[in-house]
Every structure is written in structure tokens, then in C-alpha cells.
1. For the peptides 33-43, 9-19, 81-91, 136-146, what is the packing order when you average, over each peptide's residues, the other Cβ atoms within 10 Å and list the highest mean first?
2. Can you give the net charge of the other residues whose Cβ lies under 14 Å from the Cβ of Ala129, counting K and R as +1 and D and E as -1?
3. Explain nothing, just the number: relative contact order of the chain, from Cα pairs under 8 Å at least 6 residues apart, as a whole percent.
4. How large is the translational diffusion coefficient of the stretch 98-137 in µm² per second when you combine the Kirkwood radius over alpha carbon pairs with Stokes-Einstein at 25 °C and 0.890 mPa s?
5. When ligands, DNA and RNA are left out and all protein chains stay put, how many square angstrom of accessible area per residue does the chain have with a 1.4 Å probe?
6. Is any helix in the chain, taking whole DSSP H runs, at least 15 angstrom long along its axis by alpha carbon and on average at least -0.5 on the Kyte-Doolittle scale, and which ones?
7. If you place +1 on the Cβ of every Lys and Arg, -1 on the Cβ of every Asp and Glu, and leave all else neutral, what size is the dipole of the chain about its Cα centre, to the nearest 20 Debye?
8. Just the number, please: Stokes-Einstein D of the chain in µm²/s, Kirkwood Rh from C-alpha pairs, 4 °C, 1.567 mPa s.
Amino acid sequence: MSTHHDTAETAVTLPVHVRDLLPADLPACAWSGSSTHVRHVGHELTRAAAGEVDYLAVCTPADLPVAIGGVDYRASEGAGTLWQLAVMPALQSCGLGTLLVRAAEQRIRDRGLRRAELAVEEDNPRARALYERLGYRAYGRAPDAWDEEAADGSIRRHETMCVLLRKSL
């Protein structure tokens, strides 16, 4: 007896919405990085409560975050700096990153600022291509570093070179 499995792909369209990321969302954001990273995002939410940053979530109809990212208003004079942008890996290239960046840009405009900036690792051409499609232009390079958690729980320093991009809003 043989069984036939339909392997044809089916496209499903779901509405999404953008809102502020909440502390209660953090357990559902494990896809965005290690537990060290998620704890750092939680720390940034305290800065959001103080008005220093916005931290956004693109959510499904079940209100689960599938893309997250922040806007720091203290990093660069007269600009909002986008950082920690992440889209759930299985949902990349579906337009969620574009929606997240556009929502972040609107938050920057709502603050009366007219420039958005961000840094992207040189070895991340896919993300850089997205930002350039959205109108960001390179203006420099800078090193960056942060702590990363390995699968075994050990912490190591990740050092990288980033391309700096900006866009007038």
C-alpha cells in the first residue's frame, strides 16, 4: 500500500500589526538570539519605558512577535538609530523586515527627527541589500563588539566591522 503526500506549497496570507515590544513578549523572542541576547533586549525595554528608545514588534494575529527591533534616540545627535533588527529566520524575505524598518522610521519622524541611521555587519550582505532598497546609503565603517553566548552557555566577545548607513526622512 502506498500513500501519497502532497508536497505542493501553499501560500497563506496573514495580517500582522506593529506595536511596542513588551516584557511579557520576551519568552516568545528566543528565535532572535541567545538567552543573553534576550536578557539584553529586556534591559532595553527599561530604556523604552524611560523614553530613550522605542522597541517594536511585528506580531501575528495571535499577537506573537515575528520581527523585533529598536530605535535609539541617544546614539546619534538629531537621528534615530535602528538597532537589533531581527526577523524570525523561517519568515525572512516575506516583507516583515521592510514593515519593521518603515514603522521604526515613522517613530523617528513622530519625534520630529528627519534622519535614520543604522550599522550592518560587513558579512551580512542580505540585510545591507534590504536597507539599500529602502533608501539607506553608506557613509562610513566602524568596528563593533558585543558578548555572544555559545550553545554550551559560555560567553565570548564577538568583534566585527560594520558599514554605517543613513537615510533622510
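The values are calculated or read from the model by the stated rules, or taken from the named source; none is laboratory data. On a predicted model such as this, the values are computed, not experimentally measured, just so you know. Note: ideal-geometry Cβ built from the backbone for every residue, glycine included; neighbour counts use all protein chains shown. The accessibility values were calculated without ligands, DNA or RNA, using every heavy atom of the protein model including side chains. Shrake-Rupley method; radii C 1.70, N 1.55, O 1.52, S 1.80 Å.
1. Numbers: 33-43: 14.9, 9-19: 9.2, 81-91: 18.4, 136-146: 11.7.
Averaged packing, sorted descending, gives the order 81-91, 33-43, 136-146, 9-19.
2. On the way: positive: Arg126, Arg128, Arg133, Arg137; negative: Glu121, Glu122, Asp123, Glu132.
Around Ala129, the surrounding residues sum to 0.
3. Numbers: 271 pairs, mean separation 29.9, N = 169.
Relative contact order for the chain comes out at 18 percent.
4. Values: Rh = 10.9 Å.
Stokes-Einstein gives a translational diffusion coefficient of 225 µm²/s.
5. Working: 10020 Å² over 169 residues.
Result: 59 Å² of accessible area for each residue.
6. Details: long enough: 35-49 (21 Å, -0.59); 96-110 (21 Å, -0.09).
Result, helices passing both filters: 96-110.
7. Here the size comes out at about 740 debye.
8. Numbers: Rh = 17.2 Å.
Approximately 75 µm²/s, per Stokes-Einstein.
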